[in-house]
1. Answer yes if at least one residue in segment 132-151 is more than 16 Å from the ligand (Cβ to nearest atom), polar (S, T, N, Q) and within 29 Å of G236 (Cα to Cα), and no otherwise.
2. Looking at K232, is it within 24 Å of Q90 (Cβ to Cβ) and touching an Asp or Glu at 6+ places or on another chain (Cβ under 9 Å)?
3. Going through I282, I246 one at a time, which residue ends up being more than 16 Å from the ligand (Cβ to nearest atom) and at negative phi?
4. With respect to Q179, determine if the residue is free of Cβ contacts under 8 Å to residues at least 24 places away in the same chain, on the phi < 0 side of the Ramachandran plot and assigned by TED's automatic domain parsing to the domain that holds G99.
Amino acid sequence: MSLCSNTNKTFMSDKIHRFIFDTYGIRGELVNLTDSVSRMLQNHNYPATIADLLQQTAAVSILLATTLKFEGKISIQLQTSSHLKMLVVQATHKLGFRGLARYKKNIDYSKLSFQELIKDGHMSITIEPKQGKRYQGIVPLDGESLAQCVENYFNQSEQLETRIWLFNDNTQTFGLMLQALPDMLSQDSFEHLVYLASTLTKEECLSVDAEIILHRLFHQESIKEFSAESVKFTCGCSEKKMLDSIKLLPEDEINEVIKTKGKLSVRCEFCLNQFHFSEVDIKQTPNLVCNNTQH
Ligand SMILES: [Zn+2]
């Protein structure tokens with residue numbers, strides 16, 4: 001662990017740090033996102049409250065994606081019957097993620113508390129291995145923060161003692177997770193680490209490097225750190241996938257658009273990239289080569 005006393009945040013790409021307190025049987029993760037969340041939010045013009053929630057959900061999705069032990073993806077979806085229609089972030093085992101939110105327009109979101117935003121909602125966490133069975137856990141959205149809702153999920157669905165701290169401003173997102181392993185030494189050891197982590201402030205998390213935060217919090221503990229891993233915004237959309245979805249539309253609808261506009265244009269709802277298809281593309285080219293630069 002670095003003993004550097006520098007308190008200024010140096011330039012770092014988006015990373016997740018994993019660590020373990022092996023004498024206690026407790027694991028931890030710390031994630032710091034800047035460029036990837038800014039790419040996720042780019043051009044969407046979300047109200048600040050919705051953008052905050054998306055940023056924090058992205059941090060949680062990466063905290064959870066590191067636990068995937070196979071090729072696949074994990075999705076966190078929030079749905080409510082009120083203003084926030086749907087918010088989803090999908091992350092892969094390669095730590096690439098994308099996310100979007102749908103919400104009712106003409107509402108002053110700056111006046112809504114977190115509880116009002118998630119009122120009558122639920123959260124689902126879905127794990128989809130490339131091969132094998134899909135798994136989904138659903139819990140009511142019930143908490144004072146997203147961190148608390150995710151903690152509730154783990155306590156109810158997974159029965160894994162988990163604590164999460166999330167902080168963000170409009171350029172950065174920070175997440176810290178502590179989770180008991182099956183061989184946890186004692187409840188006291190978990191409470192002890194939670195006590196140390198609870199001294200974190202938002203200002204500190206958004207201005208100090210991850211290594212320094214870990215040192216400040218846990219320098220008296222026996223902690224084993226793994227190499228930090230990079231996190232990226234990765235949409236995964238492609239001409240091929242777009243074309244496949246177009247082919248699900250009624251043929252006369254496709255013909256009508258081609259007849260009036262000369263081409264059919266579709267936009268990826270996540271990254272907002274536009275794809276244009278001619279009649280030939282749609283009818284005579286079954287396998288287009290993907291040339292999307294987001295990969
Ligand atoms: Zn896309």
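The values are calculated or read from the model by the stated rules, or taken from the named source; none is laboratory data. If you're wondering where the values come from, they're calculated on a predicted model, not measured in any experiment. Cβ: placed from backbone, ideal geometry, glycine included. Neighbour counts: every protein chain shown.
1. From segment 132-151, those more than 16 Å from the ligand (Cβ to nearest atom) are 132-151; that's our starting set.
In the following step, the residues that additionally are polar (S, T, N, Q) were identified as 136, 145, 148.
In the following step, the residues that additionally are within 29 Å of G236 (Cα to Cα) were identified as 136.
Yes; the residues of segment 132-151 include at least one that is more than 16 Å from the ligand (Cβ to nearest atom), polar (S, T, N, Q) and within 29 Å of G236 (Cα to Cα).
2. Details: within 24 Å of Q90 (Cβ to Cβ): yes; touching an Asp or Glu at 6+ places or on another chain (Cβ under 9 Å): yes.
Spelling it out, K232 is indeed within 24 Å of Q90 (Cβ to Cβ) and touching an Asp or Glu at 6+ places or on another chain (Cβ under 9 Å).
3. Values: I246 fails: more than 16 Å from the ligand (Cβ to nearest atom).
Unique residue meeting the criteria: I282.
4. Details: free of Cβ contacts under 8 Å to residues at least 24 places away in the same chain: no; on the phi < 0 side of the Ramachandran plot: yes; assigned by TED's automatic domain parsing to the domain that holds G99: yes.
The answer is no for Q179.
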